[in-house]
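J.: Quick one: the structure is below, and I'll ask about it shortly.
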Amino acid sequence: MSDWVLRGLATGVKSSAYPKRAESAEGVSPGLPEGADLGSLSSASGVSRLCPTQALHASGTVVAVDRGACVNCYRCARAPVTLPWNRGYEWASLTDEAVDDASRRLGRAFGHSLHVRVVDAGDCSACLSEIAQLTGPYYSLHRLGFFITPTPREADALIVVGPGTQRMREALLATYEAMPSPKRVIAVGACALSGGIFAESETVEGATANMLPVDVIVPGCPPPPLAIIHALLVAAERTAGVSTR
Amino acid sequence: MIAARKEDLRNTLGRYWGNRVAVYSDSASSPTVVQPPCELLRVVAECLASECGYQFSMIVSERRRGAPLLHYVLEGAEEEGFILLDSMRGENGDYTRLSLVMPAAEAYERAIERDVGIRFESLLQAERAPAEERGSFIMPIGPVYSGTAESALFELQTCGENVLRASHTLEYKHRSIESLARGRTTHDALLLAERCNGRSAFAHGWAFARAVEAIGGSRTPERGEALRAFFAEIERYRSHVATIREVCESTGLIVAASQASILEEELLRLSGALCGHRYLFGVVAIGGITCDVDDSRCSDVVERLRGIHTRLRRLGSALRFDGTFFDRLENIGVISAADARKYALVGPVARASGWSRDARARQPYEHYRRFMLTPVEESEGDGAARVRVLFRECAESLRILRQVSTSLPHGPVRADVPARAGCGLGWVEAPRGITLHWVRCDEGGRVVHYQMATPSLRNWYGFHLAMEGFSFQDFPITLATLGLCVAESDR
Ligand code: SF4
């Protein structure tokens, strides 16, 4: 057994410096498109027509991006005329409801540390895989005071992934009910934000917000581990989210 | 070759039944169809299995002139490709049950009975009932359980030690992917195929694209084929490392799990840097791939993978010398070769039971046709054998990657695929076994019918085989070694 201890020590520290410093390693984020003025009517409407989930809206020469609907298909990044690409990961924001309703805030009593229960409401397994990375050495979530817990009774926050399948509705609501208040709901990924590519399915409810009061949203298909860390920091009120207004 | 096979089939079947069994194919590229009259269906299936070595893969249920028509897709032995065995409604309105001679078809027949609303003759033994054992109870697990597990419900019947009956319910993640594809262009439906299982998105997307390319009758340029194999092997490597991590986690070896997790994250970053997406979304396209990677970049990737592989090997030998790890895996969750064969299991799970089905070797496609590949095989069929297969296949993937990177053909990576009406079958050896995608399109290139048979879907048969008779507390470990994905089964 002691052998494993030595092995562990010999590996050294791998953890990302984020949020103290930005993470500069390559390949930590799939990126998201940014809205832009493309300078011509035809390019703007041409690019926005490429999108399979209607995440792009052209008005005049300007293209706006609805990040919650983007499923990272890269069509608008590989077309003849492309949109600028955001390679970052600080994508999380508080929902309007969470901003307006102060009673939903967790308050200082939480010491800025959260226990989180994850519920899979029909994800494709990529979002869950990114969440599983969080507890690995590269992101070591624990150093930030965040813990993934198997029991909802101990959880302060609920992470929901997937397009909200009808058959998970009951289990999802039961999990939410079992959590003590105050509690926060974090919708992770395109599916949980808008239904993503499954939005039109007859067996899904679409956005998590159709079932639960959502406080924090983070786009991406899937959102990379650093974006989910950002969402947790926003949920714990340790950083301000992206402004959506 | 296809024509020769059709002749062989015609001769074999003709010897018994003359011309009562029709053998034909719609076009040169579409699979051979065998169409026996209802009353002969079961004997013909038996003959195909025993004399020609065909095994069951999936059932495609389509409507032809209002009435449902079932195609049983059978996979041939060495390089024989796939054939369709058609089943039509009998005189009394019922369909013949093929699962009596091909047990692997049972789950499909049940699903069709439920979803398509057609009736099979009622010959089947009752559903597996709970064992009668005094003092036993059923322990439900799920659908919400454990830290980051997929939603599924398991019911284990036990007296406290051994599992008597194990069953699983997969219905919680149902997104209706296949019916969602209907009416979409093939380019849009490809996004759905990728997202039936995000962790092997490339393989599923590739199989879907191959089905559409078969309809269009086009060929991917050589460089595109080579790079597809390149991406697919990166994905396989990463997927195997992820499964190894999950097994380490399930046995409570935290340091080993962390070491595997480091490698997994590095592989994800490597994919991200190579093509933009950590899970290779948006890389495969109908007709090829969307992003060319230049030769020097490929050699860099192989160089970095060698570094990763050195550490994976070190992890492997550390696990071998740590008595506690393989001790926990040996003789648990055993699946015999006979059962693997009976239920037509696929992928590393089947190969660990000595049933070496690997589409890259048996039904070689695209770039895999250019070299010999000997499937990895172990015979014990227990958890330890499954983990050994994963380690050995990682080495094999690296070998393929090196081979591809040193012999990349030049030219384009994508060709236009004409939109045509018709149907096609695409298959690819995904990380967890062969995945089959059946697509029918109209003239405008829109999907009319889409069905898939993913490796996990087929390997769920392995779940009760591996659980029953073994100890209750081995459940998480056995489940991890089986590497079953819920998303691609319950789709
Ligand atoms: S990358 Fe996102 S925004 Fe761009 S076309 Fe694809 S789904 Fe739409």
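The values are calculated or read from the model by the stated rules, or taken from the named source; none is laboratory data. Since the structure is predicted, the reported quantities are computational estimates derived from the model, not experimental observations. With ideal geometry, Cβ positions are generated from the backbone for all residues, glycine too; neighbour counts draw on all protein chains shown. Please note that ligands, DNA and RNA were not included when accessible areas were found on the heavy atoms of the full protein model with its side chains. Shrake-Rupley method; radii C 1.70, N 1.55, O 1.52, S 1.80 Å.
J.: Scan around B:Tyr95 for amide H atoms under 5 Å from its own, H built in the peptide plane at 1.01 Å from N, and keep only partners 5 or more places away or cross-chain.
T.: Residues meeting the amide H criterion: B:Gly90, B:Arg119, B:Phe120, B:Glu121.
J.: Is the shape of chain B best called rounded, prolate or oblate, per the rule: a/c under 1.5 gives rounded, else a/b larger than b/c gives prolate, else oblate, with a ≥ b ≥ c the square roots of the Cα gyration tensor eigenvalues?
T.: Working: a/c = 1.70, a/b = 1.09, b/c = 1.55.
In terms of gyration-tensor shape, oblate.
J.: Could you tally the net charge around B:Ser407, taking each other residue with its Cβ under 15 Å from the Cβ of B:Ser407, Lys/Arg +1 and Asp/Glu -1?
T.: 0
J.: Oh, and also: With unit charges on the beta carbons (Lys and Arg positive, Asp and Glu negative) and the dipole taken about the Cα centre of the range B:314-450, which residue among B:Ala421, B:Gly381, B:Thr435 sits farthest to the positive side?
T.: Result: B:Ala421.
J.: Under 27 Å Cα to Cα from A:Lys183, which lysines show up? Leave out anything in the same chain fewer than 8 places away.
T.: A:Lys20, B:Lys173
J.: Follow-up question, since we're still on this one. Quick one: which residues, 5+ away or cross-chain, put their amide H under 5 Å from the amide H of A:Val118? H built at 1.01 Å from N.
T.: Residues meeting the amide H criterion: A:Thr149, A:Ile159.
J.: Order A:Asp123, B:Asp292, A:Asp96, B:Asp416, most accessible first, counting only protein heavy atoms with a 1.4 angstrom probe.
T.: Final ranking, largest accessible area leading: B:Asp416, B:Asp292, A:Asp96, A:Asp123.
J.: For the range B:242-388, what does the alpha-carbon gyration tensor say about shape, rounded, prolate or oblate, given a ≥ b ≥ c as the root eigenvalues, a/c under 1.5 as rounded, and a/b over b/c as prolate?
T.: Oblate shape, in that a/c is at least 1.5 and b/c is the bigger or equal ratio.
J.: Sticking with this structure for a sec: Relative to the Cα centre, what is the charge dipole magnitude of the range A:53-207, using +1 at the beta carbon of each Lys and Arg, -1 at the beta carbon of each Asp and Glu, and rounding to the nearest 20 debye?
T.: The dipole of the range A:53-207 has a size of about 460 debye.
J.: Turning to a different aspect of this structure: Going toward the positive end of the dipole of chain B, with +1 on Lys and Arg Cβ and -1 on Asp and Glu Cβ, which of B:Ser239, B:Val44, B:Pro143 do you reach last?
T.: Projecting each Cα onto the dipole axis, the largest value belongs to B:Ser239.
J.: The range B:2-115: D in µm²/s via Stokes-Einstein (Kirkwood Rh, Cα pairs, 37 °C, 0.692 mPa s)? Before the final figure, lay out each step's value.
T.: On the way: Rh = 14.3 Å.
Result for D is 229 µm²/s.
J.: Debye calculation, C-alpha points only, no solvent: report log10 I(q)/I(0) for chain A at q = 0.08, 0.16 Å⁻¹, in the same order as the q values.
T.: Summing over Cα pairs of chain A leads to -0.33, -1.16.
J.: With the contact rule set at Cα under 8 Å and sequence spacing of 6 or more, what percent relative contact order holds for chain A?
T.: 23
J.: Excluding residues fewer than 8 places away in the same chain, name every one of the aspartates and glutamates whose C-alpha is closer than 18 Å to that of A:Lys14.
T.: A:Glu23, A:Glu26, A:Glu130, B:Glu264, B:Glu265, B:Glu266
J.: Charges at C-beta only: +1 for Lys and Arg, -1 for Asp and Glu. How large is the resulting dipole of the protein assembly as shown about its Cα centre, in Debye rounded to 20?
T.: Computed about the Cα centre, the dipole is about 1100 debye.
J.: If eta is 1.306 mPa s and T is 10 °C, what Stokes-Einstein diffusion coefficient results for the protein assembly as shown, Kirkwood Rh from Cα pairs, in µm²/s?
T.: 60
J.: So, one more: Only bridges whose two residues both fall in the range A:85-222 count here: according to DSSP, what percent of them are antiparallel, nearest 5?
T.: Beta bridges within the range A:85-222, antiparallel portion: roughly 15 percent.
J.: Classify the range B:177-454 from the C-alpha gyration tensor, please: rounded if a/c falls under 1.5, else prolate or oblate depending on whether a/b exceeds b/c.
T.: Taking the square roots of the gyration eigenvalues as a ≥ b ≥ c, the range B:177-454 is prolate.
J.: Something else now. Note the direction-averaged projected area, equal to a quarter of the hull surface, for the Cα convex hull of the range A:32-86, in nm².
T.: Convex hull of Cα atoms, orientation-averaged projection: 3.0 nm².
J.: How large is the dipole of the range B:366-484 about the Cα centre if only Lys and Arg carry +1 and Asp and Glu carry -1, each at its Cβ, rounded to the nearest 20 debye?
T.: Details: 13 positive and 13 negative charges, 99 e Å.
Here the range B:366-484 has a charge dipole of around 480 debye.
J.: What are the semi-axes of the equivalent ellipsoid for the range A:170-245, taken as the square roots of 5 times the Cα gyration tensor eigenvalues, largest first, in whole Å? Before the final figure, lay out each step's value.
T.: On the way: eigenvalues 87, 63, 20 Å².
For the range A:170-245, the semi-axes come out at 21, 18, 10 Å.
J.: Could you work out the per residue convex hull volume over the alpha carbons of the range A:122-192, in cubic angstrom?
T.: It comes to 92 Å³ per residue, whole-number rounded.
J.: Hey, what do the phi angles of the range B:66-76 turn into as Karplus ³J(HN,Hα) couplings, whole Hz, using 6.51/-1.76/1.60 and θ = phi - 60°, x for Gly and Pro?
T.: Values, residue by residue: x, 9, x, 10, 9, 9, 8, 8, 10, 9, x Hz.
J.: Determine one quarter of the surface area of the Cα convex hull of the range A:93-235, which equals its mean projected area, and express it in nm² to one decimal.
T.: On the way: hull surface 30.8 nm².
With every direction weighted equally, the projected area is 7.7 nm².
J.: By the scheme Lys and Arg +1, Asp and Glu -1, what is the net charge of all other residues having a beta-carbon under 10 Å from that of B:Leu192?
T.: +1
J.: So who's got an amide H within less than 5 Å of the one on A:Ala199, skipping anything under 5 residues away but keeping other chains? H placed 1.01 Å off N, in plane.
T.: none
J.: Would you mind counting up the charge near B:Leu69? Only other residues with Cβ under 15 Å from its Cβ, with Lys and Arg at +1 and Asp and Glu at -1.
T.: Overall, the nearby charge balance is +1.
J.: Continuing with the same structure: Considering the options B:Ala344, B:Pro476, B:Val404, tell which one lies farthest towards the positive end of the dipole of chain B, charges being +1 on Lys and Arg and -1 on Asp and Glu at the Cβ, about the Cα centre.
T.: Result: B:Val404, furthest along the dipole toward the positive end.
J.: Okay, moving on. Please identify the helices of chain B, taking whole runs of DSSP H, that span at least 20 Å along their own axis as judged from the Cα atoms and have a mean Kyte-Doolittle score of -1.0 or higher. Display every interim value, and only then the final one.
T.: On the way: long enough: B:2-17 (22 Å, -0.97); B:201-216 (22 Å, 0.76); B:222-250 (42 Å, -0.49); B:254-275 (31 Å, 0.94); B:295-321 (39 Å, -0.51); B:383-406 (35 Å, 0.15).
For chain B, where a helix must reach 20 Å along its axis and average at least -1.0, the hits are B:2-17, B:201-216, B:222-250, B:254-275, B:295-321, B:383-406.
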